[in-house]
Amino acid sequence: MVATVFIDGEAGTTGLGIRERLDALPGFAVRSIDPDRRKDPQARKEMMASVDAVVLCLPDDAAKESAALAASLGDRAPRVLDASTAHRVAEGWAYGFAEMTPGQSDAIRNSRCVANPGCYPTGAIALVRPLVDAGLLPADFPVTVNAVSGYSGGGKAMIEAYESGSAPVFELYGLGLEHKHVPELQRYGALTRRPIFVPSVGNFRQGMLVSVPLHLDTLPGRPSPADLEVVLAARFEGSAFVSVVPASDPSVKGGKLEPELLNDTNRLELRVYGNAARGHAVLVARLDNLGKGASGAAVQNLELMLGMA
């Protein structure tokens, strides 16, 4: 059986990445609308009625319109995977981070509508949620998330600025502290207190590091860095895509970590850097912002939604 997929907005970075991955997989057939009709609602509706799944790679407002168009088909409506921010905390939409909790992959399989996670929240939630669930990190803890990404996740203008050489080597952004990823980070991190999120972008195309610093003496029971690592390792044991790199690994003890090693994969690596004597720890996630942070996760979710995984 071949699963048919329509990517609404396939010309963008995420859409192109999804198409490239699907074209390399057996069992998927990507269907496209004539470019001259790609904004024609009737053409899009007809296409949606003819496929098994629609992936929305659109700005938020356009994604909402497209999701409504799919829903208007009733019993003929396809499964919908939204890669925008529009539905990540919306009721009736499953959150597409399959490894987040033990039952999340089943929630994705059983849902007609799935919201693909943001790249930054994927790393942060993977680090924070298991600790909250285990009681090592209080839900109301004042969490701070710092992250750096390659410029490919910043949209057309940012990509053009970096590739033309007119952008700075490095910059912080989102300093109004209202970044659109915060609501999903808070909800699916199981946090009752809004976290502080400080994103940044560097002069490299793709790759990402997400870090969460912790004063261990402010946590219940004053856990050690090893205690945190044990909880993370237990949560993701046996996962095909998420791994915890132990403190005994030389890359953890070395004190340096670069963001590009997992590029073009769907992998997510977690590490606990700690100084037990000082009572300090830094949790770090490494992933490809275009892979597990976008297109890779989308394909993983499509496979679950369409019964192929």
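A compact table of results
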| quantity | calculated |
| --- | --- |
| Residue in region 223-238 that is hydrophobic (A, V, I, L, M, F, W, C), surrounded by fewer than 21 Cβ atoms within 10 Å (Cβ to Cβ), modelled with pLDDT of 95 or more and in contact with a strand residue (DSSP E or B) (Cβ under 7 Å, 6 or more places away or on another chain) present | yes |
| Scan of region 94-137 for residues that are surrounded by fewer than 19 Cβ atoms within 10 Å (Cβ to Cβ) and either part of a loop (DSSP other than H, G, I, E, B) or at pLDDT below 95 (or both), ordered by number | THR101, PRO102, GLY103, ARG112, ALA134, GLY135 |
| Search result, residues across region 26-48 that are surrounded by 15 or more Cβ atoms within 10 Å (Cβ to Cβ) and out of contact with any strand residue (DSSP E or B) (no Cβ under 7 Å at 6 or more places or on another chain) | ILE33, ARG38, LYS45 |
| Filtered residues of region 261-290 (kept if outside any strand (DSSP E or B) and more than 16 Å from the chain's Cα centre (by Cα)) | LEU261, ALA276, ALA277, ARG278, GLY279 |
| Count of region 154-190 residues which are among the polar types (S, T, N, Q) and under 25 Å from VAL128 (Cβ atoms) | 1 |
| Region 242-267 residues that are surrounded by 14 or more Cβ atoms within 10 Å (Cβ to Cβ), paired with ones that are modelled with pLDDT under 95 and among the aromatic types (Phe, Trp, Tyr) (beta carbon under 6 Å, 6 or more apart) | none |
| Residue in region 211-228 that is farther than 22 Å from ASN289 by Cα and assigned to a strand (DSSP E or B) present | yes |
| Within region 51-74, tally of residues that are within 21 Å of HIS181 (Cα to Cα) and open to solvent by 10 Å² or more (accessible area, probe 1.4 Å) | 9 |
| Failed criterion for ALA68 (all others in (1) over 27 Å from PRO195 (Cβ atoms); (2) without any contact (Cβ under 8 Å) to a residue 24 or more places away in the chain; (3) in contact with a helix residue (DSSP H, G or I) (Cβ under 9 Å, 6 or more places away or on another chain); (4) aliphatic (A, V, I, L, M) hold) | (3) |
| Residue within region 26-33 that is touching a residue at least 24 places away in the same chain (Cβ under 8 Å) and within 19 Å of GLY293 (Cα to Cα) present | no |
| Residue check, SER50 of a type in the set (Ser, Thr, Tyr) and over 23 Å from PRO117 (Cβ atoms) | yes |
| Close pairs from region 34-53: first without any contact (Cβ under 8 Å) to a residue 24 or more places away in the chain, partner of a type outside the set (Ser, Thr, Tyr) and not in a helix (DSSP H, G or I), Cβ under 6 Å, at least 6 apart | ALA43/ILE33 |
| Single residue of region 75-93 satisfying the filter (in contact with a helix residue (DSSP H, G or I) (Cβ under 8 Å, 6 or more places away or on another chain) and more than 13 Å from ASP52 (Cα to Cα)) that is surrounded by the fewest Cβ atoms within 10 Å (Cβ to Cβ) | VAL89 |
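Yes/no per residue for (1) touching a residue at least 12 places away in the same chain (Cβ under 8 Å); (2) in contact with a strand residue (DSSP E or B) (Cβ under 6 Å, 6 or more places away or on another chain); (3) open to solvent by less than 20 Å² (accessible area, probe 1.4 Å):
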{"site": "PHE170", "(1), (2), (3)": "yes, yes, no"}
{"site": "LEU175", "(1), (2), (3)": "yes, no, no"}
{"site": "VAL182", "(1), (2), (3)": "yes, yes, yes"}
{"site": "GLN186", "(1), (2), (3)": "no, no, no"}
{"site": "GLY189", "(1), (2), (3)": "yes, no, yes"}
{"site": "ILE196", "(1), (2), (3)": "yes, yes, no"}
{"site": "ARG205", "(1), (2), (3)": "yes, yes, no"}
{"site": "VAL210", "(1), (2), (3)": "yes, yes, yes"}
{"site": "ASP217", "(1), (2), (3)": "yes, no, no"}
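The values are calculated or read from the model by the stated rules, or taken from the named source; none is laboratory data. As the structure is a prediction and not an experimental result, all values here were calculated from the model. Glycine gets a Cβ as well: all are built from the backbone with ideal geometry, and neighbour counts include every protein chain shown. We work out accessible area using only protein heavy atoms, side chains counted, and drop any ligands, DNA or RNA first. Shrake-Rupley method; radii C 1.70, N 1.55, O 1.52, S 1.80 Å.
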